[in-house]
Amino acid sequence: MCKIFAITKGVNFMEEELLFFDELTKIYNRKGFFTYTALLLEEHPGIDFCLIYWNIQQFKVLNNLFGLQTGDQILIHIADILHNEFSDQIATYGRLEADNFICCVPKQVIDAGDWKDLLDISFSISGSTYHFYSCCGLYQIEDRTLPINKMVDMARLAMNSIKNNYMKPFAWYDGSMLDTMIEEQRLVSDFRTAIMQKQFTVYFQPICRADDGLVVSAEALVRWIHPLRGMISPGSFIPLFEKNGLIHILDRFVWNETCEMLKSRIEAGKHVVPVSINVSRVEFYNPELADEIKEIVDSHDLPTDLIKIEITETAYADNPAQVQQAVKRLHDYGFLVLMDDFGSGYSSLNILKNLPIDILKIDMQFMDNLDGNEKASIILEAVIRMAKWMKLPVVAEGVETRKEWNYLKSMECEMVQGYYFYKPIPQADFCEVLDQEVLQKYAVQERNLFELDDTIFDIFNHSNSKENMLFYDMIGGMGVMEMTDDSLEILQVNRGYYEVFYGTEAPLTEITPVLHKKLSEPTLSPVLASCHKAKDSNQIQSLQLHLERPDASFVWVNLKLRYIGSRGRHSLFYFAIDNIDELKKAEQERYLTAYSSALLKVFDKVYRLDYENGMAEVLHTNRSDDMKIKEHYYFRDFFQRFSKMISVTNGAEADAFQVLESKDVLDQRLAESDNGCYELTYHFTPPRGKTQTISALIFKIELEANHEEYLCCMKKRLPH
């Protein structure tokens, strides 16, 4: 029996037992725990206390497996454990409801750690010992003015944060959990209004045939578009509504909306595909589930083969008997049943053995890092092969790249779903996809990508065919890239591409990989614009690019693009790439020569300053001295070398020295100048001659992006 504290006079022991003690376990009930814990805290102000909120993992499964009577015996056994552990302590403990227990114990008991042994509960059933696991939330009482029920809520929040996480059996409460509780209350408060105002909307994510990407089905997914908060993540409200039962209303809203969409398209004589609806795991506690789904489908005059039912492994683990019964009833009505997230739980093979499902949806975790995780690819292949033996079609979720798609096709996976093909999209957009209208958002061009000849597919698949070897060894850079919405990805290149971009001397094994690499700015925008032009006009498009190499050097290339074909959001392009570095340099030289010729009409000499090596190249001269065009002179120490013959006006010698020695200093002076020039006047007196006054003007010109030149123009001033 729990430790008894004196309470209100006039209440005898029998009345107290009825008021404050749980009839089954004989320890405190909710009212008793709240009452006596308040007295405990009042009588021991000098002791720090903590709450422990206990819950048995998957207790409903235990009831289903062993029966309610055995379940009650397990609850009594746990109460006895708590009594034996804490009856000699300054503590209270009780059963709140169902399989939820609560304790209030001194902080030093928590620090000692012996309470953790209670997380693993053993119980003998029919001569066999079974182990049951519990999870705990802990809350350290700091503000004793809080109501006990609020303290319990905080411990419960901590427990809920790790429920069903078998790797972490307990957690301490922190302030963010209270924020979570407030957010949950806000969502629950807004729910009724959201249903009435149709803030909830159904999005559809197409499911495609793996062979050719054709849309053959779809999955209905709920989205909450709040008028003030915008799109609310389903991960925020679906688990919450599963806990409080509101999912029952939301599920039926989605099912009705889905059926209404299909009905309206059929009445309009338009193409439809089967749509999968998700059934929450808590729905399977409803024995009328199959009948209710059938009633909704019948009310819209739809055949049952247009609605598929998706269930999860978690639903089966929680309630195997009722899930089996529901699936049987759904089959009797003609519905197909999909097992969603297959492979995410602990009993996948058992489910295949015990549950007559029709289609497997492979959990998207298997698609993560297929290249870097050999075990994941082995398991994925084994699951697909096993499904084929069992004659179960497979849908692979989470396909995000062409490489993953090709990999799944090579394993003969039947269907694929993921962002590579389509994101979840609003109903109107989904209907447009089904109508196969020529829209920019989901373009389906006349020339179908999947009607291309086998040569292209050999190139994609990196095969050792004669055609692929010919492509790889062709003279000149070539490749294939894919445009998806506003992104571009290089799928394949030949040897010539590497030679153009990296040079012929770079060993291929040491080159940065370019395959399956998405283009980024500043290259993306011009290439994307040219791809759109090539696609719209069906003509080859050319553009010149100044690209940065991995070693930070730049190379000029000429890129030619030719449109191949499209499927959905994806379009393919051939490209040819040539190194035009020398051509661009010649163009720039011609431009610079013409530019400096124009300057010669004003100045006596024009130099190009190369700050890399400190050399000045004579571009133009009026031939008043022995200097010749194209000759080079070292300029960094010009003023030091001729210091006896040169005097700089306005005492600017030191600054002039720095400008000639450092490009950074020159750039700073140019930035500070009003006209973008650095001006300098000096007097030059040769050993046998008259003093001359010379004005020098240094400025920068940009010939192309990432290419600039520094020019120094000199002019003798006439004596006054």
Output the residues belonging to the stretch 184-206 that are surrounded by fewer than 17 Cβ atoms within 10 Å (Cβ to Cβ) and within 10 Å of residue 237 (Cβ to Cβ). 188
Would you confirm whether or not the stretch 510-517 contains a residue that is at pLDDT 90 or above, in contact with a strand residue (DSSP E or B) (Cβ under 8 Å, 6 or more places away or on another chain) and assigned to a strand (DSSP E or B)? no
Among the candidates 624, 643, 647, which residue alone is of a type outside the set (D, E, K, R), farther than 23 Å from residue 589 by Cβ and assigned to a strand (DSSP E or B)? 647
If you go through the stretch 454-500, how many residues are surrounded by fewer than 15 Cβ atoms within 10 Å (Cβ to Cβ), at pLDDT 55 or above and not in a helix (DSSP H, G or I)? 6
I'd like the full set of residues that are surrounded by 14 or more Cβ atoms within 10 Å (Cβ to Cβ) and among the hydroxyl-bearing types (Ser, Thr, Tyr), limited to the stretch 641-661. 647
Could you check the stretch 210-244 and list, in sequence order, the residues that are under 30 Å from residue 411 (Cα atoms) and in contact with a helix residue (DSSP H, G or I) (Cβ under 9 Å, 6 or more places away or on another chain)? 210, 211, 212, 213, 214, 215, 218, 220, 221
Can we say residue 141 is assigned by TED's automatic domain parsing to the domain that holds residue 117 and β-branched (Val, Ile, Thr)? yes
Can you tell me which residue within the stretch 266-302, out of those that are of a type in the set (Lys, Arg) and out of contact with any strand residue (DSSP E or B) (no Cβ under 8 Å at 6 or more places or on another chain), is surrounded by the most Cβ atoms within 10 Å (Cβ to Cβ)? 294
Are any residues in the stretch 275-306 in contact (Cβ under 8 Å) with a residue 60 or more places away in the chain and either in contact with a helix residue (DSSP H, G or I) (Cβ under 6 Å, 6 or more places away or on another chain) or not assigned by TED's automatic domain parsing to the domain that holds residue 329 (or both), and if so, which ones? 275
Right, residue 102: of a type in the set (Val, Ile, Thr) and either surrounded by fewer than 18 Cβ atoms within 10 Å (Cβ to Cβ) or more than 43 Å from the chain's Cα centre (by Cα) (or both) or not? no
Count of the stretch 529-587 residues which are assigned to a strand (DSSP E or B) and among the charged types (D, E, K, R): 5
Out of all the residues in the stretch 85-92, is one or more without any contact (Cβ under 8 Å) to a residue 24 or more places away in the chain, over 21 Å from residue 29 (Cβ atoms) and among the aromatic types (Phe, Trp, Tyr)? no
All positions within the stretch 222-236 that are part of a strand (DSSP E or B) and either surrounded by 12 or more Cβ atoms within 10 Å (Cβ to Cβ) or of a type in the set (A, V, I, L, M) (or both): 222, 223, 224, 225, 226, 231, 232
Hey, does the stretch 96-118 have a residue that's assigned to a helix (DSSP H, G or I), more than 22 Å from residue 169 (Cα to Cα), at pLDDT 80 or above and in contact with a Phe, Trp or Tyr (Cβ under 8 Å, 6 or more places away or on another chain)? no
In the stretch 392-428, which residues are in a helix (DSSP H, G or I) and either modelled with pLDDT under 90 or surrounded by fewer than 17 Cβ atoms within 10 Å (Cβ to Cβ) (or both)? 402, 403, 404, 405, 406, 407, 408, 409, 410, 428
Identify the residue in the stretch 39-60 that is of a type in the set (Val, Ile, Thr) and surrounded by 17 or more Cβ atoms within 10 Å (Cβ to Cβ) and, among all such residues, is nearest to residue 29 (Cα to Cα). 52
Looking at the structure I just gave you, is residue 242 free of Cβ contacts under 8 Å to residues at least 24 places away in the same chain, surrounded by fewer than 21 Cβ atoms within 10 Å (Cβ to Cβ) and either of a type in the set (Lys, Arg) or not assigned by TED's automatic domain parsing to the domain that holds residue 160 (or both)? no
Please work out if residue 340 is under 35 Å from the mean Cα position of the chain (by Cα) and surrounded by fewer than 16 Cβ atoms within 10 Å (Cβ to Cβ). no
Just a yes or no: is a residue in the stretch 631-639 under 58 Å from the mean Cα position of the chain (by Cα) and modelled with pLDDT under 85? yes
Given the conditions (1) within 30 Å of residue 478 (Cα to Cα); (2) touching a helix residue (DSSP H, G or I) at 6+ places or on another chain (Cβ under 8 Å); (3) at pLDDT 85 or above, report the number of the one that residue 576 does not fulfil. (2)
Expected single match for without any contact (Cβ under 8 Å) to a residue 12 or more places away in the chain and part of a loop (DSSP other than H, G, I, E, B) among 636, 688 is 688
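Would you mention how many residues in the stretch 46-76 are part of a loop (DSSP other than H, G, I, E, B) and without any contact (Cβ under 8 Å) to a residue 24 or more places away in the chain? Give the steps one after another, and end with the answer.
Going through the stretch 46-76, the residues part of a loop (DSSP other than H, G, I, E, B) turn out to be 46-48, 57-58, 67.
Next cut, without any contact (Cβ under 8 Å) to a residue 24 or more places away in the chain only: 46, 67.
Final tally of qualifying residues: 2.
The values are calculated or read from the model by the stated rules, or taken from the named source; none is laboratory data. Computed from a predicted model, the values in this text were never measured in an experiment. For neighbour counting, all protein chains shown are included, and Cβ atoms are generated from backbone atoms with ideal geometry for every residue, glycine included.
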